[in-house]
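Bear in mind that the values in this text are calculations on the coordinates, not laboratory data. It should be emphasised that the depicted structure is a prediction, and the values quoted were computed from it without experimental measurement. Methodologically, a virtual Cβ is constructed for each residue, glycine included, from the backbone with ideal geometry; neighbour enumeration extends over all protein chains shown.
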Amino acid sequence: SIEFAKKFETDRLHFEIHDMSIPYPKEFDAVFNLFTSFGYFESEEDNLKTLVAIKKSLSEYGFAVIDFMNVYSVLENLIPEETKEVDGITFHIKRYEANHFIIKEIDFEDQGKKYHFTEKVQALYLEDFQSLISQTNLKIDSIFGDYNLNPFDKGISDRLIIVGRKG
């Protein structure tokens, strides 16, 4: 994705790969963590390191946006098993929650070879984010439930979008 995005760089727009748990050596007016890019670490300590890195990467008046799935809704509507066919390949998909993670396992066979992939993301609720954020010098300004910036409602919101600033 970064390689593709680099085609659109200008003198004011640049794309780089960087470990989000390490502060960037420059400050920004906005830091975006989008499309459930958070929660793939094994420990709360690594989540906290990432939030501290986000805070340290913000300018004095900068803001951070964390866009995460609404775990309440995801678990309520989780499809435990399904089979999909794409381009003649049958994918067997299993989804479940275990040890505070939402796990998706994908199995398929192509040209006589079997494949197995596992995706795993922490089941972080609003309260988990509030607890983590309270341990940093970030202050939550707003919480939204979708990209139209409607209020967060754990029962119906598609997303959990948190906007914060340095405290």
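Straight-line cross-link reach from K120 at under 17 Å between alpha-carbon atoms covers these lysines, not counting any fewer than eight positions away in the same chain: K94, K104. Pick from N148, N47, N77 the residue whose mean-square fluctuation is largest in a GNM of the chain, springs joining Cα atoms under 10 Å. Of N148, N47, N77, the Gaussian network model singles out N148 as fluctuating most. Charging the Cβ of each Asp and Glu at -1 and of each Lys and Arg at +1, and nothing else, the dipole of segment 30-100 about its Cα centre rounds to 240 debye. With helices as the sole contributors, the chain gives -5000 deg cm²/dmol at 222 nm; each DSSP H run of n ≥ 4 counts as -39500 (n - 2.57), and the sum is divided by every residue.
Across every direction, the projection of the convex hull enclosing the Cα atoms of segment 96-167 has a mean area of 7.4 nm².
In the P(r) worked out for segment 9-113, what percent of Cα pairs fall beyond 23 Å? Summing the P(r) of segment 9-113 above 23 Å gives 49 percent of all pairs. Exposed loop sites here are chymotrypsin sites (Phe, Trp or Tyr not before Pro) assigned a DSSP state other than H, G, I, E or B and surrounded by at most 11 other beta carbons within 10 Å; excluding them, the longest clear run of the chain is 36-146.
Computed from label points 7 Å out along Cα-Cβ, the spacing between E85 and S1 is 3.1 nm.
Shape descriptor for segment 80-126: Rg over Rh equals 1.09 (Cα atoms; Rh from the Kirkwood inverse mean 1/r).
Compactness ratio for segment 112-154: Cα radius of gyration over 2.2 N^0.38 Å (N = residue count) comes to 1.83. Of G39, G62, G112, which is the most mobile in a GNM of the chain whose springs link Cα atoms less than 10 angstrom apart? With Cα springs under 10 Å in the chain, the top fluctuation among G39, G62, G112 is at G112.
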